[in-house]
Amino acid sequence: MRGMCYHFGTNILCEYMDDEYLMKCVVDPLKKTFYLYSNEGDTKTVACDNTEQFMNVLELVRATCPEER
């Protein structure tokens, strides 16, 4: 779906695509697993094999996702 957006403070209008995006990320540290939920209802599960891998993914999630997600 295509739409329009307006950038406040400027007179620029731009087209954008309604792409799928992350709505929610749930972290289960006991299972070393991340559950990712999209705006389109899709769910992805990322199960880490070890603590180091889990900590690397957690670092990425904390750096790129707002805490309320």
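The values are calculated or read from the model by the stated rules, or taken from the named source; none is laboratory data. In this text the structure is predicted, and so the values were computed from the model without any measurement. We place every Cβ from the backbone using ideal geometry, glycine too, and count neighbours over all the protein chains shown. Surface accessibility is based on the protein's heavy atoms, side chains included, excluding ligands, DNA and RNA. Shrake-Rupley method; radii C 1.70, N 1.55, O 1.52, S 1.80 Å.
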query: What pairs come up if the first residue lies in the stretch 49-69 and is farther than 17 Å from Val26 by Cβ, the second is open to solvent by less than 80 Å² (accessible area, probe 1.4 Å), and their beta carbons are under 8 Å apart, counting only those six or more places apart or on different chains?
result: Asp49/Lys32; Asn50/Lys32; Thr51/Lys32; Gln53/Lys32
message: Can you pull out every residue in the stretch 1-38 that is assigned to a loop (DSSP other than H, G, I, E, B) and modelled with pLDDT under 90?
response: Met1, His7, Phe8, Gly9, Thr10, Asn11, Ile12, Asp18, Asp19, Glu20, Tyr21
task: Mind counting the residues in the stretch 14-68 that are surrounded by 13 or more Cβ atoms within 10 Å (Cβ to Cβ) and of a type in the set (S, T, N, Q)?
output: 3
